[in-house]
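What follows is a short report on a single structure.
The values are calculated or read from the model by the stated rules, or taken from the named source; none is laboratory data. Since this is a predicted model, take the numbers as computed values, not measurements. Here Cβ is always computed from backbone atoms with ideal geometry, including for glycine, and neighbour counts include all displayed protein chains.
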Amino acid sequence: MFYHDRNLQYTVRVETPNPMFARMLQQAIGGVEGEIRVMLQYLFQAWGQRGPTKYRDMLLETGTEEIGHVEMLSTAVAMNLEGAPSEVQDEAAKNPMVAAIMGGMNPRHYLSTGLAATPENSNGVPFNASHVYASGNIAADMYANVAAEATGRVLATRLYHMTDDPGMKDMLSFLIARDTMHQQQWLAVIEELGGYEGNLPIPNSFPQSQENQEVNYTFFSTNIDPNVPIPEGRWTQGPSLDGKGQFSARRLTPMGQEPNLSQPRSDGFAQTQQMSTVQNVISSVKNMLE
């Protein structure tokens with residue numbers, strides 16, 4: 001069950017409305033790095049969470065917080081649009097599509113919503129829930145959450161430097177700070193679960209004895225040129241991060257066979273030329289007899 005408050009989670013104010021910046025803010029709403037993504041990700045992780053209830057409760061708390069972030073950003077978009085320069089509004093009354101495009105606005109901000117936000121990115125592409133990751137494995141989900149908050153924070157910092165509006169900078173400063181906390185929050189869960197050694201490889205419930213032991217900690221170089229050195233780093237030598245193996249590196253050479261698939265089925269209706277030699281001969285003979 002959810003509740004709401006009429007007041008925003010944090011103050012949203014716009015001193016100089018900017019329809020173009022409203023379009024940029026859409027990325028923080030419905031982009032792959034945006035708040036709709038993490039809102040749904042945390043909520044669906046919570047709703048499917050099995051095990052200690054504290055993790056479900058924590059995810060619900062943060063997912064609900066993210067709803068408030070979507071509300072803040074949607075309000076910011078609307079405020080940037082409603083005070084658009086008069087010449088833009090006047091021209092929009094004559095030809096809204098031309099005015100929107102020439103002014104750098106998202107045309108749908110006028111045509112579809114009457115100066116309001118939309119659940120889409122800055123290019124007008126609707127949010128795609130395929131970017132919502134909720135695996136049912138708490139460790140896997142936490143790593144996905146760290147990545148989501150990292151890319152979200154990158155986006156927010158870029159938006160921060162795209163505006164000179166004090167109100168927008170203040171709002172984004174708040175969102176950037178929350179991204180910092182959420183990164184730390186998910187990493188804290190990983191640490192509580194046992195850190196690298198306790199979590200990796202994910203899932204840690206699968207017996208590693210059933211892995212191919214010759215390649216489970218080996219970096220493969222796929223560059224065909226033998227003169228190009230293998231990129232070396234922490235991932236090519238020394239103990240693995242989970243403490244269960246030793247990193248190594250080698251050039252990858254084929255370890256399997258050349259694929260040799262069976263002939264097409266007759267009811268699959270491939271081309272005659274794809275059939276076996278025998279089939280081609282029989283077909284040719286039949287054609288001659290006919």
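Some values worked out for this structure:
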| read-out | value |
| --- | --- |
| Condition broken by F2, with the remaining ones in (1) modelled with pLDDT of 95 or more; (2) hydrophobic (A, V, I, L, M, F, W, C); (3) under 27 Å from the mean Cα position of the chain (by Cα) satisfied | (1) |
| Pairs where the first residue, in region 197-209, is at negative phi and the second is hydrophobic (A, V, I, L, M, F, W, C), C-beta under 7 Å, 6+ apart | N199/A139; N199/I190; N199/L193; L200/L241; I202/A139; I202/A140 |
| Some residue of region 202-224 being under 22 Å from P52 (Cβ atoms), under 27 Å from the mean Cα position of the chain (by Cα) and surrounded by 15 or more Cβ atoms within 10 Å (Cβ to Cβ) | yes |
| Single residue of A148, A156, A139, A134 found to be surrounded by 15 or more Cβ atoms within 10 Å (Cβ to Cβ), touching a residue at least 24 places away in the same chain (Cβ under 8 Å), over 24 Å from L73 (Cβ atoms) and in the same structural domain as A78 (by TED's automatic domain parsing) | A139 |
| Verdict on L60 being hydrophobic (A, V, I, L, M, F, W, C), closer than 26 Å to G195 by Cβ and modelled with pLDDT of 95 or more | yes |
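Quick grid of which residues meet (1) touching a Lys or Arg at 6+ places or on another chain (Cβ under 9 Å); (2) closer than 28 Å to E191 by Cα; (3) modelled with pLDDT of 85 or more:
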residue: L40; (1), (2), (3): no, yes, yes
residue: A46; (1), (2), (3): yes, yes, yes
residue: E65; (1), (2), (3): yes, yes, yes
residue: A92; (1), (2), (3): no, no, no
residue: S135; (1), (2), (3): no, yes, yes
